[in-house]
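Worksheet: the structure to be examined is printed underneath.
Laboratory data are not the source of any read-out in this text; all were calculated from the coordinates shown. Quick caveat: nothing in here was measured; it's all calculated off a predicted structure. Glycine gets a Cβ as well: all are built from the backbone with ideal geometry, and neighbour counts include every protein chain shown.
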Amino acid sequence: MQAIRYIILLLACLAGPLMGSAQGLVIRNYNVKDGLANATVYSAVQDLEGFIWFATPTGVSKFDGKRFRNYTKKDGLTDNDVVKLAADSRGRIWFFTSNGKLSFFQNHAVHNEDTDSTLSYNSRSHYVQYAFEDRARTIWFLNSAGRIIQYNGRKTVYDKLGASSMDVMSILSKDSVFHPLQRYFNLGGVKDSNNVQQKIFIAPPFSLGNQRFAERIQNNPVIITGNTLYSYTPQDIMPFFSGSEWGIREEISSMSIDGDNLWIGTPRALYLIRDFFKGERKLSKLLNNHFITSILHDRDGNTWITTFGDGVYHIPFKHFYFAYLDNTNGLYSHSVYSVFKDKRNGLLYIGENAGMLNVMTPDGNIRRFELDSTGGRNSVLGIMAQPGSNELVIATDNIVFNYAPGGSAPKPALRMRNIKDMDFTPDGKLRVVSRNRLAFGTDGRSLDLSPLETQVNSIASVSDSSYYLGTSSGLFFGRNTAFPVPVQDDPRLSQSIKDLQWINGYLWVGTSDQGIFVLKDNEVVRHFRTSDHLVSDICQQLYYDGNGRLYVATNKGLSIIDTRTRTLLRNLTSNDGLMSDDIRGISHAGDTLYVATSNGLCYFSRDHIPVDTVPPTVYLNSIRYGDSAWIPGPYFQHLYEWSSTFEVEFGAIAYDLPDLVEYQYNFSNDTASGWVTTMSNIVPYPKLQPGDYTLLIRARKYKSGWSKPVVLRISILPRWYQEWWARGVLVLLGIMAILLVLRYIVARIKGGERRKTEYNRRIAELEAKALTNQMNPHFIFNSLNSVQHLILEKEEKQALNFLADFATLMRQMLNNSRKSYISLEDEIAFLTRYIELEKIRFANSFEYKFDMSQELKEYTIYIPPMLIQPILENAIKHGLAPKNGSGHLLVRLELQGDLLYCAVDDDGIGWEHANSIKTGKLTKHESTALSVIRERLQIIKSFNGSVGKLEIIDKFNSGFGNKAGTLVEILIPIVKML
């Protein structure tokens, strides 16, 4: 909430005879920093809903107690300089501006001649001064030229009663027709030249206490002339207040009547005469050096004072029931430690820090004593009446004083360091405790309590011989001068105790943080805590009024307990009107309760504390949906907007403690359990779906019940695609799409199975072909011939070795043909054995070499089997074998990404030459072997996505100079592992 400034004003006799002339009053100030449109405010009115409106030179402000909503020309005002306001019976607020054009506020909007043609008329450059309403609720205006303007809701008519000018009294004289919309009229005189029968009194014909006189003034218009107030009727005009007789020298600018109270505003101050119409003669001067422009009393009893340049002052109704004293109106400081009302003579004793004792007489005069403070900190912590004597006992931190009312000054009676508490025995003997000593009277007899090894905080006398001590570590019981013993029957009592009260056989124990314990015969019979609605568990002092009420002073306010029934009666806090929640001391006299706080002293009628139980008025401020905002009404309808938040902004009209207003809203129509409590004034509903909803909003203020809910009916209309038929179509289309997708997936799975089966079949067939090609009959035949040749040449051992290697090679070929992948190491071993056998066949006519890159040695490589052997076979049989002389064969292996690059390089007769001398059968055989390799590479691609390649290069015809031979390059898909 906006910051609020508080001031305390001197106010005499505000709450009846028991309040002295030094009584203070808390007044709140609202200014520009709080949201008010301007610090200069001309007037104020309250509308039918309860809002307070303020007219300023820079627009009008609408106030709900917490937030100002300002309106200017851009909101519809005809001019920003609004000099006066009027509220009619239809709930309209009329704005009187210097340009004379009419405008009013109703249904959340400002109406003017541009938006409402019924307000269009020629003002002749004269501004409106006063407004009246007739029995038909037609509005009549009187402008500065004395001309009458009528507004009947259909049109505005200038000179409705004729072209001649009229004055205010001419209209007031027709009181059976015209009802003024303002309380008073500032006029230059009171004589009505058109009403010669009217009698004008020079002096009041009745006394101020006359009831008929009071009713007449309260029920008729008032005319202000100079500094005199007149009561007007068409029959007579009589004065009832003369400022000069009351000491008011300046002219009266404004006035107000609040029950029997009369408020007077002048350019220099605000005055109040409490119970003026009951004959009271005490004038209180408020808001000194302030230009008062108007005074308004709202329906809740609050008072609003508008000023020229100082904003708006607000006096909550409850503060009229409280009186306040602090350093602004008589006390030394605002920090009060103790208070005592002496019923014997009516004197009020107020103890403060720095040893200051204030004695206030019944008529409000304060006499101050500065007690001895040589011992350092010396606050006045306790004041008690001496039983059987007219004297008082006053305890400070280090000295106990005796004081006889009317005496020159309190006299020291006992000196002790760190005094904590004192109490009288039933026979009137004084007991005083400090933190480690107990004094029996003021004659020096004492008991050293240091062996307790704890700080003593309080004492309660049970009898002349027995007492209880409250310490920082628990409760102790003592008799006469014997050393006190702990009361350990209940472990809950072994804690820090702040104060004690012995009441009719019960011991009331106030603790530091566990609330109040009630003991009977040292047994706990009741425990009061915050869970039992005690205002706080931190007790600072207990005060018993002797008539069944115990007052518990805490750090969060005051709790009142009935000691007979041991029940909590009520709590009082600063929200109820106390100056502070830090309560330090309490006293009473009759019906008046005196409360000492850290912010001053307040006193009031304890049995007539005002409680505002009327729930606040809830209003809707705006509705936002998507990117737009709407003026709220009882029904909201809008087309659905995707991913848009629906928000309702609302508020409550509460002028006292607006920050404590609590809201509840219900969006489920479950009035029993569907309420959501919040302190926010915005209800958001993200992504509200199409449908019909009912929003209920209610509020409550401090100690009031819940208000009647405000009802907002909401209808979010669906888009076409959200209609039931569109959703049905979408569902059908969705089902059809799902069926088509499922059909496609099933077909694809079946097609994949068929292709897989076909692939497997073709692979098996190709592998068989490759196996057949590798087990070349020529190779087998020639190999056997070579064995036969070795046998004939008597080289049986070499023949046996050849057969053994041949058998091993055949076994390797059969094993490899069953696998999809074999390691590169196994493949090289197989190819080496094969080349060795070929060398034997061809009499070692060539040399070979395997050249493998270093990168290949870092991984374990797997390749499809039986792809390189046919290429080697072609290189040996068709390239190197026909060559004259020794040949060379190089097999180079490298890693290229996810492929194995294999180059078979020979220096034989070359590919073209070999083809020219081959037989047709051999050509067919080679073509078949190479086509099988290509087809296998293509099938492998379809399974793992890697693309293989086979390329044959005749070196003689391909840029290798005059070198003969063939280079075959093949890229083989692999599987690589670390």
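Please pull out the direction-averaged projected area of the chain, using the convex hull of its alpha-carbon atoms, in nm² to one decimal place. Don't skip to the answer; put the middle values down first.
On the way: hull surface 313.9 nm².
The orientation-averaged projected area of the Cα hull of the chain comes to 78.5 nm².
What percentages, rounded to whole numbers, describe P(r) for region 820-977 computed over all alpha carbon pairs with 10 Å bin width beginning at zero?
P(r) over region 820-977, rounded to whole percents: 10, 39, 36, 13, 1.
Using r as the Cβ-Cβ distance of TRP246 and ILE202, and R0 as 22 Å, what FRET efficiency do you calculate, to the nearest 0.05?
On the way: r = 18 Å, r/R0 = 0.80.
It comes out at approximately 0.80.
When the Karplus curve 6.51 cos²θ - 1.76 cosθ + 1.60 is applied with θ = phi - 60°, which whole-Hz ³J(HN,Hα) does each residue of region 387-396 get, with x for Gly and Pro?
x, x, 8, 8, 8, 10, 10, 10, 9, 9
Between rounded, prolate and oblate, where does region 325-605 land on the alpha carbon gyration tensor, with a ≥ b ≥ c its root eigenvalues, rounded for a/c under 1.5, else prolate if a/b exceeds b/c? Mind dumping the intermediate values first?
Details: a/c = 1.67, a/b = 1.15, b/c = 1.46.
In terms of gyration-tensor shape, oblate.
Near the amide H of MET852, under 5 Å away, which other amide H atoms are found, from residues 5 or more places off or on another chain, if H is placed in the peptide plane?
Sorted by chain and number, the residues that satisfy this are LEU893.
Only helices at least 27 Å long along their own axis, judged from Cα atoms, and with Kyte-Doolittle mean hydropathy of 0.0 or greater: name those in the chain from DSSP H.
Working: long enough: 724-774 (72 Å, 0.14); 796-817 (31 Å, -0.20); 920-944 (36 Å, -0.34).
TM-like helix candidates: 724-774.
Out of all DSSP beta bridges in the chain, what portion is antiparallel? Express it as a percent rounded to 5. Let's see the in-between values first.
Numbers: 237 of 254 bridges.
In the chain, DSSP labels about 95 percent of beta bridges as antiparallel.
Pairs LYS341/LYS701; LYS839/LYS976; LYS883/LYS963; LYS819/LYS849: which are spaced more than 24 Å apart, C-alpha to C-alpha? Could you put the intermediate results ahead of the total?
Working: LYS341/LYS701 34 Å; LYS839/LYS976 32 Å; LYS883/LYS963 13 Å; LYS819/LYS849 26 Å.
Distance filter (> 24 Å) returns LYS341/LYS701; LYS839/LYS976; LYS819/LYS849.
Could you size up the charge dipole of the chain around its Cα centre, putting +1 on the beta carbon of Lys and Arg and -1 on that of Asp and Glu, and report it in debye to the nearest 20? Spell out each step's value before the answer.
Values: 105 positive and 99 negative charges, 282 e Å.
In debye, rounded to 20, the chain gives about 1360.
With the crude spin-label approximation of a point 7 Å out along Cα→Cβ, what separation in nm comes out for SER389 versus ARG124?
With each label point 7 Å from Cα toward Cβ, the separation is 8.6 nm.
Over all directions, what mean area does the Cα convex hull of region 617-722 project, stated in square nanometres? Walk me through the numbers on the way to the answer.
Working: hull surface 27.8 nm².
The Cα convex hull of region 617-722, projected and averaged over all directions, gives 6.9 nm².
Could you list which residues have their amide H under 5 Å from that of SER458, counting only those 5 or more apart in sequence or on another chain, with H placed in the peptide plane?
Result for SER458 returns GLY470.
Counting other Cβ atoms within 10 Å, keep those with at most 14, restrict to DSSP loop, and tell me which trypsin sites (Lys or Arg not before Pro) in region 392-476 are left.
Values: sites: ARG415, ARG417, LYS420, LYS429, ARG431, ARG435, ARG437, ARG445; in loops: ARG417, LYS429, ARG435, ARG445.
The qualifying sites are ARG417, LYS429, ARG445.
Using DSSP to call loops (not H, G, I, E or B), can you name the trypsin sites (Lys or Arg not before Pro) in region 123-201 whose Cβ has at most 14 other Cβ atoms within 10 angstrom?
Details: sites: ARG124, ARG135, ARG137, ARG147, ARG154, LYS155, LYS160, LYS174, ARG183, LYS191, LYS199; in loops: ARG124, ARG135, ARG137, ARG147, ARG154, LYS155, LYS160, LYS174, ARG183, LYS191.
Loop-located and lightly packed - ARG124, ARG135, ARG137, ARG154, LYS155, LYS174, LYS191.
Put +1 on the Cβ of each Lys and Arg and -1 on the Cβ of each Asp and Glu in the chain; which of GLY474, SER931, VAL968 then has its Cα farthest toward the positive end of the dipole?
Highest projection toward the positive end goes to SER931.
Quick one: work out the % antiparallel among DSSP beta bridges in region 820-899, nearest 5. Walk me through the intermediate numbers first.
Working: 3 of 10 bridges.
The answer is about 30 percent antiparallel.
Which one, ALA37, GLY311, LEU371, is farthest towards the positive end of the dipole of the chain when Lys and Arg carry +1 and Asp and Glu -1 on their Cβ?
It is ALA37.
For the pairs LYS66/LYS708; LYS101/LYS160; LYS84/LYS278; LYS498/LYS556, note any where the Cα-Cα span goes beyond 22 Å. List each step's numbers first, then the result.
Details: LYS66/LYS708 20 Å; LYS101/LYS160 16 Å; LYS84/LYS278 32 Å; LYS498/LYS556 16 Å.
Checking Cα-Cα distances, LYS84/LYS278 exceed 22 Å.
In square nanometres and to one decimal, what's the mean projected area of the convex hull around the Cα atoms of region 76-181? Display every interim value, and only then the final one.
Details: hull surface 24.5 nm².
Computed as one quarter of the Cα hull surface, the answer is 6.1 nm².
Would you grab the residues whose amide H sits under 5 Å from the one on ASN621? Only those 5+ places off in sequence or on another chain, please, with H modelled 1.01 Å from N.
GLU649, PHE650, GLY651
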